[in-house]
Amino acid sequence: MAHRKVGSSKVLIVGGGSGMGLALAKRCLDIGSNVVIVGRNEDKLRRAIHELGEPASLAAIATDIAQEGQVADLFKRTGQLDHIVSTAADIEGAYELLPALKLEAAQRVVESKFYGPLLLAKYGAPMLSPAGSITFVSGIAAYRPAARGSVVAAVNAALEGLVRALAIELAPIRVNAVSPGWVNTSIWSFVAGDRKDDMLSAMAARLPVGRVGEPEDIADAISFLMGNTFTTGTTLHVEGGHRLV
């Protein structure tokens, strides 16, 4: 059987309080999954639970995945799982030219997009069934870097290397990444500030598909990787053709 039914699964989504993670949580709940959303901000998690309709099949746990002790405790609380997903990224202050870049901002990117996923795999893999999966989110910056984006480009590339290595080490658990292009989420407030709408519109005009992505596009791609049992160690590009232009 090439595709495993996700609907009866238990799914942990780090970053599930907003954006792509929230869209994935809604999708999983709609098909009957039990979902645990994770994030650092308790208020954001509460708002997400309300937005998702407060179903009995949804739980939320406040955790900083850059803190090893908190990650270990997280999986003691979740119990057995079928899928682990992380869409988390702390890029505040990281989109700067080198003279203005503060090391603390770069470290936060590494902690949220590399060390965090590493810890999720370390403590989460023992809680997964052999048919389970881990999916992380990298990004187009690894392939189309731009000035001000050196840190994010480097960390996305490192995360994809980690995915390939973990797919071997953790087999038969499947480990994959989704690499989004420009997606209309709140993270653009840190990248573009007041120029967000203009920048997204300009990119939409460049892309072969004629639009930027929406969180649901990425949730759809993650769902595929969760369910397809013949895909591991792979980066799935969901970027509207951005690598071609």
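If every alpha-carbon in region 1-112 counts as one equal scatterer, what log10 I(q)/I(0) does Debye give at q = 0.16 1/Å? Each listed q corresponds, in turn, to -0.75. Around the Cα centre of the chain, unit charges on the Cβ atoms of Lys, Arg, Asp and Glu (plus for the first two, minus for the last two) sum to a dipole of about 420 debye.
Each 10 Å bin from zero up to the one holding the largest Cα-Cα distance in region 166-245 carries the following percent of pairs: 18, 40, 27, 14, 2. Looking at region 1-94, the trypsin sites (Lys or Arg not before Pro) that sit in a DSSP loop and have at most 15 other Cβ atoms within 10 Å of their own Cβ are 5.
Computed from the C-beta positions of residue 51 and residue 171, the FRET efficiency with R₀ = 45 Å rounds to 0.80. Take the Cα of residue 211, step 7 Å toward its Cβ, do the same at residue 118, and the gap between the two points is 3.9 nm. A straight Cα-to-Cα reach below 27 Å connects residue 10 with the lysines 26, 44, 76, 113, 122, residues fewer than 8 places away in its own chain not being considered.
Helix content alone sets the calculated 222 nm mean residue ellipticity of the chain: runs of n ≥ 4 DSSP H residues at -39500 (n - 2.57) each, divided across all residues, give -12000 deg cm²/dmol.
With contacts taken as Cα pairs under 8 Å and at least 6 residues apart, region 66-147 reaches a relative contact order of 45 percent.
Calculated accessible area for the chain comes out at 47 Å² per residue, all protein chains present (probe 1.4 Å; ligands, DNA, RNA ignored). Ranking 224, 205, 186 by how far each Cα lies toward the positive end of the dipole of region 177-245 (charges on Cβ) leaves 205 at the top. Looking at the chain, what % of the alpha carbon pairs are farther apart than 34 Å? For the chain, the share of Cα pairs beyond 34 Å comes to 11 percent. Amide H contacts under 5 Å for residue 179: 138, 236, 237, 238, restricted to partners 5 or more places along the chain or on a different chain, H placed in the peptide plane at 1.01 Å from N.
The values are calculated or read from the model by the stated rules, or taken from the named source; none is laboratory data. These numbers were taken from a predicted model, which means no experiment stands behind them. Heads up, the Cβs are rebuilt from the backbone with ideal geometry, glycines too, and the neighbour counts pull from every protein chain shown. All accessible areas refer to the heavy atoms of the entire protein, side chains included, with ligands and DNA or RNA removed. Shrake-Rupley method; radii C 1.70, N 1.55, O 1.52, S 1.80 Å.
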